[in-house]
Structures are given as C-alpha cells and as structure tokens.
Amino acid sequence: MTTVGACLRAGDELPGDSPRRDAEILLGHLLEKPRSWLYAWPEHRLSATQAAEFAALLERRRCGAPVAYLTGEREFWSLPLRVTEATLIPRPETETLVEWALELALPATATVLDLGTGSGAIALALATERPSWQLTAADVSAAALAVAEDNVRRLCPGRVRLLSSDWFAALSGARFELIVSNPPYVESDSPWLASGDVRFEPRNALVAGASGLDDLRQLAAGASAHLRPGGWLLLEHGFQQGEAVRQLLVAAGFDEVATRRDLGGRERISGGRRGAG
C-alpha cells in the first residue's frame with residue numbers, strides 16, 4: 001500500500017455504505033490533494049511516513065471512528081467546518097432548518113439566537129447568507145464553544161457573538177426576532193446510540209431523557225420570554241417527534257405552528273411564531 005491507487009483499493013474493505021469515498025476523503029486529507037488528483041496520479045508513491053499515517057487512519061475507520069473526526073472537518077451549507085469529538089457532526093437534514101430561517105420575513109438587521117450551537121454550523125450558515133443579521137450562538141460546553149470560535153474566526157470573523165449559556169440561563173433580558181436550535185432529542189434507551197458515527201459523538205448533545213423531549217420541552221416553554229412580538233422559534237427534532245413538538249409549541253402559546261420535512265421526507269423541523277401581543 002505504497003501508491004495512491006493501492007491506498008484507494010485498500011479502502012474498499014472499510015465498513016459503511018461508502019468505503020471507497022471514505023478512503024478518498026482520508027487520503028486526500030492526508031496528502032492535501034483533491035479527489036481528481038488522486039485518480040490522475042494513481043502511481044504516485046507515498047513516503048513511508050505517509051503510508052504509515054494512512055494505514056493508521058484506515059484502522060481507526062475500521063474500528064468505526066467517523067471520517068469527520070479523523071479529518072477534523074465536515075462540510076455544512078458549503079462551509080468547511082472544523083469538528084471534534086466535543087461537537088456533533090453536522091448533518092444535511094439540519095440544512096432544512098437553515099432554509100426555513102432564510103425564508104422568514106425578518107427585519108434586515110434581525111437579532112438571531114442559535115442555542116446549543118456546537119460547531120457553530122447553523123449560526124455560520126445564517127451569517128454567510130444574511131450579513132446584516134446580528135447573530136448570537138450559545139452552548140453550555142466550553143470545548144464546543146472553542147470549536148465554534150475557531151470556525152467563526154476562519155469563516156465569518158466578527159459576525160457571530162459566542163456565549164456560554166445553559167439554554168436561556170445567561171440570556172436574561174435578551175430578546176430576538178428568531179431563535180433556532182438543534183438540541184438533544186434522542187431517547188436515553190434508543191438503539192440508535194449504538195450505531196454508526198453516533199457511537200463516537202458526545203452523549204450530552206444527543207440524549208434528552210427517556211422520551212427524548214426533555215430539552216425540546218424546555219426550549220418551547222422558555223423561548224417566548226426571549227422572543228420579540230412576532231418572533232419565530234425553529235427546532236430540529238427526531239423524525240417521529242413532529243406531533244409531540246407541535247403540541248409543545250401550541251401549549252406554549254405559539255401561532256402558525258408547522259413542521260418541515262427533510263430531504264428524506266421525514267418530519268424534521270418544527271416551529272412557531274410568538275403572538276404580536
């Protein structure tokens with residue numbers, strides 16, 4: 001396994017749905033080359049050090065380590081986000097939340113809060129699309145905030161204010177036109193927690209009690225006090241939780257409660273609008 005071609009072929013034995021693609025990403029990351037280069041130069045020989053490093057990456061991937069954690073990067077909304085084991089790996093379904101937020105008729109200089117920001121994915125996507133919005137991104141994890149800070153500095157310097165807060169705890173008196181969140185929503189006994197990349201992701205960013213609704217319930221109940229009249233709350237949730245989250249929003253007094261489906265056709269984002277009163 002000393003040539004590019006041999007390295008790619010070795011990746012065919014990796015677990016998962018896209019072993020060759022995983023090998024391409026890992027080898028491209030190691031050599032700092034695009035996928036097109038790998039196939040244009042299959043006979044290029046790796047140095048002994050490079051070959052050993054690639055073998056180590058393959059072994060970690062065989063043991064299940066997510067590709068995003070091995071490379072330290074995952075693309076979201078076309079942004080190359082840094083990720084670590086302190087943050088969730090951004091997923092395409094969360095882009096449904098971003099799309100909905102961008103459709104809202106908000107003021108040109110809207111104040112927006114991203115709660116549980118993790119790597120900063122949602123806040124940074126909104127900041128790049130709406131440069132005049134005033135964005136705050138909060139998380140209770142100092143390690144996650146450090147990752148978000150690095151992403152803000154690289155991708156959107158000065159555009160997102162970062163804040164340490166356990167949900168609304170550090171936001172007394174603050175009001176926003178929009179609050180967005182991808183909170184923990186997995187049931188504590190869910191078998192999904194033992195599968196795939198999820199095994200390596202931070203449990204405190206995934207699990208929310210026996211029903212998976214603990215944090216969603218807290219966000220729905222507390223958001224109105226931090227929304228300006230007519231402001232919106234958008235929440236990501238599990239694909240089987242749409243009805244429950246809609247009920248939480250209605251019980252909390254939200255109007256125009258609705259749910260959006262992700263690209264797979266599953267209920268994924270629910271939201272509502274605070275009344276004008």
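Looking at the structure I just gave you, is Leu135 farther than 16 Å from Pro183 by Cβ, assigned to a strand (DSSP E or B) and at pLDDT 95 or above?
For Leu135, the condition - farther than 16 Å from Pro183 by Cβ, assigned to a strand (DSSP E or B) and at pLDDT 95 or above - is met.
Just to be sure I understand, how many residues within region 234-277 are under 18 Å from Arg175 (Cβ atoms), at pLDDT 95 or above and in contact with a Gly (Cβ under 6 Å, 6 or more places away or on another chain)?
3
In this structure, is Arg228 modelled with pLDDT of 95 or more, more than 21 Å from Glu95 (Cα to Cα), among the charged types (D, E, K, R) and in contact with a strand residue (DSSP E or B) (Cβ under 9 Å, 6 or more places away or on another chain)?
So Arg228 passes the test.
Within region 250-272, can you find the residues that are over 14 Å from Ile179 (Cα atoms) and of a type in the set (S, T, N, Q)?
Thr259
Return the total of residues in region 138-162 being touching a Phe, Trp or Tyr at 6+ places or on another chain (Cβ under 9 Å), part of a loop (DSSP other than H, G, I, E, B) and surrounded by 19 or more Cβ atoms within 10 Å (Cβ to Cβ).
Going through region 138-162 one residue at a time, the tally reaches 0.
Consider Gly275 against the criteria (1) outside any loop (DSSP other than H, G, I, E, B); (2) within 17 Å of Glu177 (Cα to Cα): it satisfies all of them except one. Which criterion is unmet?
Just one mismatch for Gly275, condition (1).
Output the residue which, of all residues in region 65-95 that are touching a strand residue (DSSP E or B) at 6+ places or on another chain (Cβ under 6 Å) and of a type in the set (Asp, Glu), is nearest to Leu30 (Cα to Cα).
Once the filter is applied, the top-ranked residue is Glu73.
Within the set of pairs 6 or more residues apart or between chains, which connect a residue that is assigned to a helix (DSSP H, G or I) inside region 223-244 to a residue that is buried (at least 24 other Cβ atoms within 10 Å of the Cβ) and β-branched (Val, Ile, Thr) with Cβ atoms less than 8 Å apart?
Hits for this filter: His226/Ile179.
In this structure, is Thr84 assigned to a helix (DSSP H, G or I), β-branched (Val, Ile, Thr) and either touching a residue at least 60 places away in the same chain (Cβ under 8 Å) or surrounded by 20 or more Cβ atoms within 10 Å (Cβ to Cβ) (or both)? Don't jump to the end; show me each part of the working.
Details: assigned to a helix (DSSP H, G or I): no; β-branched (Val, Ile, Thr): yes; either touching a residue at least 60 places away in the same chain (Cβ under 8 Å) or surrounded by 20 or more Cβ atoms within 10 Å (Cβ to Cβ) (or both): yes.
No: the conditions fail for Thr84.
One line per residue, one yes/no per condition, for (1) touching a Phe, Trp or Tyr at 6+ places or on another chain (Cβ under 8 Å); (2) surrounded by fewer than 22 Cβ atoms within 10 Å (Cβ to Cβ):
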position	(1), (2)
Pro229	no, yes
Gly242	no, yes
Val245	no, no
Leu248	no, no
Arg261	no, yes
Glu267	yes, yes
Ser270	no, no
Arg274	yes, no
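Is it the case that Ala56 is out of contact with any Asp or Glu (no Cβ under 8 Å at 6 or more places or on another chain), of a type outside the set (D, E, K, R) and in the same structural domain as Arg266 (by TED's automatic domain parsing)?
When the stated conditions are applied, Ala56 does not pass them.
The values are calculated or read from the model by the stated rules, or taken from the named source; none is laboratory data. Quantities reported herein were computed from a predicted structural model and do not represent experimental measurements. Note: ideal-geometry Cβ built from the backbone for every residue, glycine included; neighbour counts use all protein chains shown.
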